[in-house]
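Notes follow the structure.
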Amino acid sequence: MSAHLARSGPPHAYRRKASTWWWLTRWPYFAFVLREMTSVFVAWSVVWVLLLLRAAGLGEIQYRQFFAWSASPLILISNGVTVVMLVYHTLTWFNLVPRVMVFRFGRRPIPGPVMAGSHYLAWAAVTVGLAWLLVSR
Amino acid sequence: MNRITMEVARYRPDQEEAEPTLQAYEVPYEREWTVLDGLNHIKDEIDGTLSYRWSCRMGVCGSCGMMVNGEPKLTCGAFLVDHAPGPVRVEPLKSFPIVRDLVVDIEEFLTHLVRVEPWLVRNEEKPIAEGEYRQTPDELDIYKQYSMCINCMICYAACPVYALDPQFAGPAAIALAQRYNLDSRDQGAERRLAHLSSGHEGIWACTFVGECSVACPKGVDPAGAIQRYKLTAAMDWLGTLLPLAER
């Protein structure tokens, strides 16, 4: 801990340092760190989609090579874990929406479940729309 | 009468103690006895040297916050029977310097609190003859939740950000700033935002762990207040980028 973070207080006060492993001391802390870590998987999913678009733009051979590479065990496992992490990321942030955004309908605030529910509905609508787009082709 | 062991943290710098240690006391208890009642029993009947803060015994004064079996609690609201058969470990609130036994130094919090100006700020006071600043029940509802804060420091003990960075103003100070920002009679939001939107100390240090709101014994949601504050700060910053903001 750097010097500027040293706690003040009376001369004889006992100052405790926060443990490096503080995030393992309580389940909510671990869940928080896990939520933050999901951002890495969000980044990976963006990179994977960009690589997919690049391969599609380069032609059929590169496109097939990209899918062959994506079917390798390492990438399959990575993408499987990524899907789980993305779902966790989405659920945690959607559930936090009512804490951050307060909208009013007339004089009354819109209830939290309605606020979170509207995000889930939008998510479902986009998912169904994309699925329809892919299946109908 | 039932009996339970209370393991109480002791730190007596006048006796050259280098660090806190746990001392066990066997105390009797009834069903309605709180941890604070247990401490009072120790103080009155077993060991008069034990130091701790308390006052109202009814969850209003906010002075008896301590770590009870590792959780930040108001000891006047934590019942011994819920921790039976024991032992019950009682320690000073986490993240604060320990002055003696269960007494912590909250000077840092008080410094932060004053900086956020948790009172009604008026740019212009209207003449007394014009009467009071009236407020509708709906306007009251907007900030009422945050006015329930009793400055008990439970939220600070639950906050890992404050534990890591004492420069962080912390949950209660920011929630109280937001309480006045949302008050229709207040005009000090810009001053508070200027202070809380920069550096280590302010709202951006909060990573939304959310445990401050879980731990709050008065049902205040400091984590929500800080995130809403961030939204306001972001919109305020966006506003400065738009040409319309110049008008």
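The values are calculated or read from the model by the stated rules, or taken from the named source; none is laboratory data. These numbers were taken from a predicted model, which means no experiment stands behind them. Note that we place each Cβ from the backbone using ideal geometry, even for glycine, and neighbour counts take in every protein chain shown. For accessibility, only protein heavy atoms count, side chains too; no ligands or nucleic acids. Shrake-Rupley method; radii C 1.70, N 1.55, O 1.52, S 1.80 Å.
Separation of segment B:197-217 and segment B:99-167, taken as the distance between their Cα centroids, equals 14 angstrom. Mean sequence separation of contacting Cα pairs (under 8 Å, at least six apart), scaled by the length of segment B:132-191, corresponds to a relative contact order of 41 percent.
What does the C-alpha gyration tensor say about the overall shape of chain A? Classify as rounded when a/c is under 1.5, otherwise prolate if a/b is larger than b/c, or oblate. The shape class here is oblate. Net length available on complete extension from residue B:17 to residue B:200 is 62.6 nm, with 0.36 nm assigned per residue and the Cα-Cα distance removed. Set the Förster distance to 30 Å, then compute FRET efficiency between residue B:125 and residue B:58 from the Cβ-Cβ distance, nearest 0.05. Taking R0 as 30 Å, the efficiency between residue B:125 and residue B:58 is 0.25.
In deg cm²/dmol and to the nearest 500, what is the mean residue ellipticity at 222 nm of chain A if only DSSP H runs of at least 4 residues count, each as -39500 (n - 2.57), divided by the residue total? Helices in chain A give a 222 nm mean residue ellipticity of -24500 deg cm²/dmol.
Against the empirical curve 2.2 N^0.38 Å, the C-alpha radius of gyration of the protein assembly as shown lands at a ratio of 1.23.
Mean sequence separation of contacting Cα pairs (under 8 Å, at least six apart), scaled by the length of chain A, corresponds to a relative contact order of 17 percent. Inter-chain neighbour count for A:14-23: the average number of beta-carbon atoms from partner chains within 10 Å of each residue's beta-carbon is 5. Phi angles across segment A:57-62 convert, under the Karplus curve 6.51 cos²θ - 1.76 cosθ + 1.60 with θ = phi - 60°, into 3J(HN,Hα) values of x, 7, x, 5, 4, 5 Hz, Gly and Pro given as x.
Split the accessible area of segment A:22-125 by element, probe 1.4 Å, and carbon with sulfur accounts for 76%.
Per residue, the protein assembly as shown exposes 57 Å² of accessible surface when a 1.4 Å probe is rolled over the protein heavy atoms with every protein chain present. Residue B:89 contributes about 80 Å² of solvent-accessible surface, heavy atoms of the protein only, 1.4 Å probe. Measuring heavy-atom accessible area with a 1.4 angstrom probe and counting protein chains only, the residues of segment B:201-229 that give up at least 50 Å² relative to the chain alone are B:208, B:209, B:211, B:228. If R0 is 41 Å, the Cβ-Cβ spacing of residue B:134 and residue B:235 corresponds to a FRET efficiency of close to 0.90. Taking 4.7 Å between C-beta atoms as the pairing limit, chain B has these partnerless cysteines: B:64, B:76, B:149, B:152, B:159, B:206, B:216. Once the C-beta distance of residue A:75 and residue A:97 is scaled by a Förster radius of 30 Å, the resulting FRET efficiency is 0.40 to the nearest 0.05. Anything losing 10 Å² or more of accessible area from the isolated chain to the full protein assembly: pick those residues out of segment A:69-99, probe 1.4 Å, ligands and DNA/RNA ignored. Buried on complex formation: A:93, A:96, A:99.
Please average, across the residues of B:102-110, the number of beta carbons from any other chain that are within 10 Å of each residue's own beta carbon, and give a whole number.
Working: counts 0, 1, 3, 7, 1, 5, 3, 0, 0.
That average works out to 2.
Restricting segment B:1-79 to trypsin sites (Lys or Arg not before Pro) that sit in a DSSP loop and have at most 12 other Cβ atoms within 10 Å of their own Cβ leaves B:31.
Among all stretches of chain B without exposed GluC sites (Glu not before Pro) (DSSP loop, at most 11 other Cβ atoms within 10 Å), which one is longest? In chain B, the maximal stretch lacking such sites is B:133-247.
A cut-off of 5 Å between modelled amide H atoms, ignoring neighbours fewer than 5 places along the same chain, links residue B:2 with B:29.
Look at the stretch B:161-171: the mean tally of other chain Cβ atoms within 10 Å of its residues' Cβ atoms is 3. Report, in whole Å, the centroid distance computed from the Cα atoms of segment A:11-77 and segment B:1-42. After rounding, the separation between the Cα centres reads 46 Å.
What quantity of accessible surface, computed with a 1.4 Å probe and excluding non-protein components, is buried in total between chains A and B, in Å² to the nearest 100? Walk me through the numbers before you get to the answer.
Working: alone 11320 and 13270 Å², together 21730 Å².
For chain A against chain B, roughly 2900 Å² becomes buried.
In order along segment B:147-152, phi translates into HN-Hα couplings of 6, 7, 4, 10, 6, 8 Hz, rounded to whole numbers, per the Karplus curve 6.51 cos²θ - 1.76 cosθ + 1.60 with θ = phi - 60° and x for Gly and Pro.
Coupling constants for segment B:36-43 follow from the phi torsions by the Karplus curve (6.51 cos²θ - 1.76 cosθ + 1.60, θ = phi - 60°), and in residue order they are 5, 4, x, 5, 5, 5, 4, 4 Hz; glycine and proline get x. A simple packing score, the average count of other Cβ atoms within 10 Å per residue, orders the peptides B:109-119, B:170-180 as B:170-180, B:109-119, with the highest score first. For residue B:135, no residue has an amide H sitting under 5 Å from its own, ignoring neighbours fewer than 5 places away on the same chain, with H placed 1.01 Å from N. Packing, as the average of other Cβ atoms within 10 Å across residues, places the peptides A:24-34, B:219-229 in the order B:219-229, A:24-34, highest first.
For residue B:89, the residues 5 or more places off, or on other chains, whose built amide H falls under 5 Å of its own are B:7, B:69.
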